[in-house]
Each structure stands twice: as structure tokens, then as C-alpha cells.
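A short write-up of the structure that comes next.
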Amino acid sequence: MRRQAPIALTALGLLGAACSSDPGFEGAKAPKIEAARNADGTIDDRSMCEWKGRADREASETAGPGAIQPNVRRVWQIVGTGEDRHRALVCREIDTNFDGVKDVVRRYNDKGESLHEESDANYDGRIDTWLTFANGRLAEVRIDSDHDGNPDEWKYYSGGKLARIKRDTNRDGKPDVWEIYRMGRLERMGVDIDADERVDRWDHDNELRRRLEDDERRKEEEAAAKKAAEDGGAADKANEAVDGGGSAEPSGDKK
């Protein structure tokens, strides 16, 4: 049985490091177990990429920083024919703690953009963190913090920035805490007290709320001042046109 990962090694920290250009990161310090072996004596690394037995795919393995043996596998889809034949990366998996078992896998679309990622953040042999990407950017993270096989924390991103979080703190399978973020800071938090999946109390960051309200008020004042200046300028031009027309001398003599 694997030991619990260090508390400092959070799920997102692990994922960020594991899928960066440095797959090794803190792997040497993470828990390890003896990997199982197949009947032919080879190590069962619990591959999560689909490539074995497929003629349209190729796999390559490399050793990331800190690794003695290859711990990064990339799977390529063979597309096209003749001169158009080329490889496209469709899957990458990493053994981040060097125990012989792959614990992070990321899949890509035909443009090379990230689609999904799964990881075993505490190295117990079960997936507990799921990432979803939209247009190659992080859109959602689901975390199973109590390791019962079901997510109990959901994080949503907008434009690559954290926008809101839902949490199931009483482990009943339903969210009971909602966090709303703005400008990278927690703006307000809602709590469901009676387990009806509705917010019973909102707690606000009063300082941030005051700053946001001041910003909105200033923008409204600036917009009003700009409109008043534009209206004033239009009125001045209209008056000038009237004055100019009235002062013009009539042509010819009066009869």
C-alpha cells in the first residue's frame, strides 16, 4: 500500500509540475511502491495511453530530469499518407515519483491542444484529479480529496483564471460551499446550511467589495462626464451653425 503524499505536494502543484517541461520535479521525494510485473517479466506501468497493438500509433519514452530510467511516454497518431504522412501527439503520461507506475496522463486533440488530464495525486493507484481544457486553456478541475472515487471539489476557470469553486464539505455528494473569485481574490463565499443545495448565507470580502464598487462608480462618473462633454460639444457646433447663418449678408440689392 502506498504512503500518503506529503501535504505540501498539493494536487494542482503536482499537476503543474508534472506537465511542465520538468516531469521529474520533486519525484525523488514522493512515495514509491514496487511496481507489479507482467507474466513475461516486464513491469506493468499501468499505461493510460492507448497505443499497444495499434498500427496507427507510435510511442516513445524518455527520462525526465531526475529520472534514471525512462519515466515519460509520448504516444503519436500517424496521420496522412505519402508526403503528407506525419505524427501528431495525442497522449502523454508520466511517472512523477519514479516508482515505475504512470500517475499522470494528458490527452490532446489533432491541433496539439490539451483536452483532458487525469492524475493520481497521492499515489494510491486511483485517479483523484481530473482536468478539462477548452481551446487549450484550463477550464475545470475536479478533485477527490477524500479518495472515495468521487470528486468533492470543483474549480472553474474563465480566461485561464480561477472564477469559482464548489465544495462538498459534508461528503453527501452535493456542493454546500460556493466561492466566487474576482481579480484573483475571493470575492464572496456562499454556504448551504440546511443541505437543500441553495445558499443560505453569503460572506463577502468587504474591502474588495468596496474597491469594486468604487471602481464601478468611477467608471460611471467618467462615462457620464464624457457624454456630457460630447453633448456640450454638439450643442456648441449647432449654435455656431445658427449664428453663422443669421449673420450672412443677402446677395443683391433690395427692390
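Output the number of residues of region 73-87 satisfying the condition of being surrounded by fewer than 21 Cβ atoms within 10 Å (Cβ to Cβ) and either within 13 Å of ARG46 (Cα to Cα) or touching a Gly at 6+ places or on another chain (Cβ under 7 Å) (or both). Step through it out loud before you land on a result.
Restricting attention to region 73-87, the residues satisfying the condition of being surrounded by fewer than 21 Cβ atoms within 10 Å (Cβ to Cβ) are 74, 76-87.
In the following step, the residues that additionally are either within 13 Å of ARG46 (Cα to Cα) or touching a Gly at 6+ places or on another chain (Cβ under 7 Å) (or both) were identified as 86.
Residues meeting the conditions: 1.
Quick check on my filter: what residues within region 152-180 are part of a loop (DSSP other than H, G, I, E, B) and of a type in the set (Val, Ile, Thr)?
Initial filter on region 152-180 (part of a loop (DSSP other than H, G, I, E, B)): 152, 159-160, 168-176.
Result: THR169, single match.
I'd like the full set of residues that are loosely packed, with under 15 Cβ neighbours inside 10 Å, farther than 19 Å from PRO175 by Cα and either touching a Phe, Trp or Tyr at 6+ places or on another chain (Cβ under 8 Å) or acidic (Asp, Glu) (or both), limited to region 125-147. Quick ask: steps written out before the conclusion?
Here is the first cut: in region 125-147, the ones loosely packed, with under 15 Cβ neighbours inside 10 Å are 125-126, 134-137, 140, 146-147.
With farther than 19 Å from PRO175 by Cα added as a condition, the list becomes 125-126, 134-137.
Matches in region 125-147: ARG137 only.
Please name all residue pairs, on different chains or six or more residues apart, with Cβ atoms under 6 Å, provided the first residue is in region 158-170 and is under 25 Å from ASP148 (Cβ atoms) and the second residue is surrounded by fewer than 17 Cβ atoms within 10 Å (Cβ to Cβ) and hydroxyl-bearing (Ser, Thr, Tyr).
Matching pairs, first to second residue: ARG164/TYR156.
Can you tell me which residues in region 80-102 are acidic (Asp, Glu) and touching a residue at least 24 places away in the same chain (Cβ under 8 Å)? Even if it seems obvious, please write down each step before you answer.
Let us first name the residues in region 80-102 that are acidic (Asp, Glu), namely 83-84, 93, 95, 99.
Of everything in region 80-102, those that are acidic (Asp, Glu) and touching a residue at least 24 places away in the same chain (Cβ under 8 Å) turn out to be GLU93, ASP95, ASP99.
From the list ASP103, ASP95, exactly one residue is touching a Phe, Trp or Tyr at 6+ places or on another chain (Cβ under 9 Å), of a type in the set (D, E, K, R) and under 21 Å from ILE43 (Cβ atoms). Which is it?
On the way: ASP95 fails: touching a Phe, Trp or Tyr at 6+ places or on another chain (Cβ under 9 Å).
Only one candidate qualifies: ASP103.
Taking the condition within 29 Å of ASP200 (Cβ to Cβ), out of contact with any strand residue (DSSP E or B) (no Cβ under 9 Å at 6 or more places or on another chain) and of a type outside the set (D, E, K, R), does GLY173 pass?
yes
Every number here is computed from the coordinates shown, using simple stated rules; none is lab data. Just so it is clear, the model here is predicted, and its values are computed rather than measured. In this analysis, Cβ positions are derived from the backbone assuming ideal geometry, glycine residues included, and neighbour counts consider all displayed protein chains.
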